[in-house]
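One structure below.
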Amino acid sequence: MRILTRYVLREFVIPLFYCLAGFVSIYVLFDLFGSFSRIVESDLSFGEIALYFCGYFAPYFHYIVPAALLLATLYTMWTFCRHSEIVAMRASGVSFLAIVKPLLAVSVVMAAGVTYVNEVFVPEKAQWAAQLRNNRFDNEAQERADNIVLRNAVACRTWNVGTMADTDGERLRNVRITTDRPNGGARLMNVTAARADWLDGEWWLTDAKVQHYDALGQEIATQTPELDALALRCFPELTEHPGDFLMQNRPWKFNSVRDRFRYIESHPDLTAEARRDYLYDTWAQIMAPVACIIITLFAIPAGIASGRQSVFKGILGALGMYFSFYGFTIALMVAAKSGWLPPIPAAVLPAVVFLILGTRLFFKQR
């Protein structure tokens, strides 16, 4: 069985690699038409150029992988049927599930890869690549995050940051933190500091000056003068994370699911329209990797049909399912963002419907 698994895996991974390489090459060529001269004139190393293309391509990765899986699955199953290999395998007592198990396993691995790219690589590198392109590939002129304003409506707290001194949001300079009383009350506390550093999960402020206010907004004397006089002081009551500051200057589409949920929870004052959009986008990103498994499920029977009955029938059936899935997804996206459907069911429903349909077609083929 291991020999058969390795054989099926090899026959599937090779066309999958070619499909992925082809899609990436097409993207790189189109991008080079507009930026080749600037890249050549820049002082970027080969590694930085490769990282730029990876970062600029990463937001579209979850669209490319399902398409590559579709074509590779169709070709693999068509080849097996054309040479009667599936008949020989079944005649030897090998179950259909054992034959296609490597294809399903690869689709799960690719779904995990899409999740990693969306949650880790895109937030870190996609914005860097976009800024590099906007700066005409001048790596020294990368935009620095200055004059950041972060509002935490839950804690009634506002941060005004002069400069972010690193790319992780853990080193802030010229910081002013204003805390108000709940329900639109007067100011409670004001803190200014030369720097704020994120250390061991807490904010440490250097040369912090703390001002306290009464219920009428009048400044009062502090009850902890020794603590307020410290040159370096920890503020455990500050619940904001470095990622919250990064989100202020990062396009919404580059954020991870965790950052998106945190933003929605810390902004209860969002408009109904903005909340719908953000919720749909967040749940759509959660469901994006599932497309790898769904498309592989209905590409397997379509590939068998192309080998046994008609090539065009199998290919047209697979393409029909593929475009139906994404067409249905777009239709529900429009309905959700227009307020006709709740955002979470609209994001989840296409995956559920086509997962059931793909599973039914798969087991029917068995």
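The values are calculated or read from the model by the stated rules, or taken from the named source; none is laboratory data. On a predicted model such as this, the values are computed, not experimentally measured, just so you know. Cβ atoms come from the backbone with ideal geometry, glycine included; neighbour counts cover every protein chain shown. When the accessible area is computed, the model is the full protein with side chains, heavy atoms only, and any ligands, DNA or RNA have been set aside. Shrake-Rupley method; radii C 1.70, N 1.55, O 1.52, S 1.80 Å.
Overview of values
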| read-out | value |
| --- | --- |
| Among the candidates A67, A105, A88, A112, residue that is open to solvent by 30 Å² or more (accessible area, probe 1.4 Å) and closer than 25 Å to F312 by Cα | A88 |
| Criterion violated by T73 - all others in (1) open to solvent by less than 20 Å² (accessible area, probe 1.4 Å); (2) of a type in the set (S, T, N, Q); (3) without any contact (Cβ under 8 Å) to a residue 24 or more places away in the chain satisfied | (3) |
| Total residues in region 8-55, condition closer than 30 Å to L97 by Cβ, open to solvent by 40 Å² or more (accessible area, probe 1.4 Å), more than 24 Å from the chain's Cα centre (by Cα) and not aliphatic (A, V, I, L, M) | 3 |
| Any hit, region 279-290, residues being more than 17 Å from the chain's Cα centre (by Cα) and open to solvent by 30 Å² or more (accessible area, probe 1.4 Å) | no |
| Of all residues making up region 226-278, the number that are open to solvent by 70 Å² or more (accessible area, probe 1.4 Å), within 30 Å of D207 (Cβ to Cβ), out of contact with any strand residue (DSSP E or B) (no Cβ under 9 Å at 6 or more places or on another chain) and assigned to a helix (DSSP H, G or I) | 2 |
| Region 156-167, subset open to solvent by 30 Å² or more (accessible area, probe 1.4 Å) and not in a strand (DSSP E or B), residue modelled with the lowest pLDDT | T167 |
| In region 208-266, the residues that are of a type in the set (G, A, S) and touching a residue at least 40 places away in the same chain (Cβ under 8 Å) | G243, S256, S266 |
| Yes/no for L349 being closer than 27 Å to G113 by Cβ, open to solvent by 20 Å² or more (accessible area, probe 1.4 Å) and at pLDDT below 95 | no |
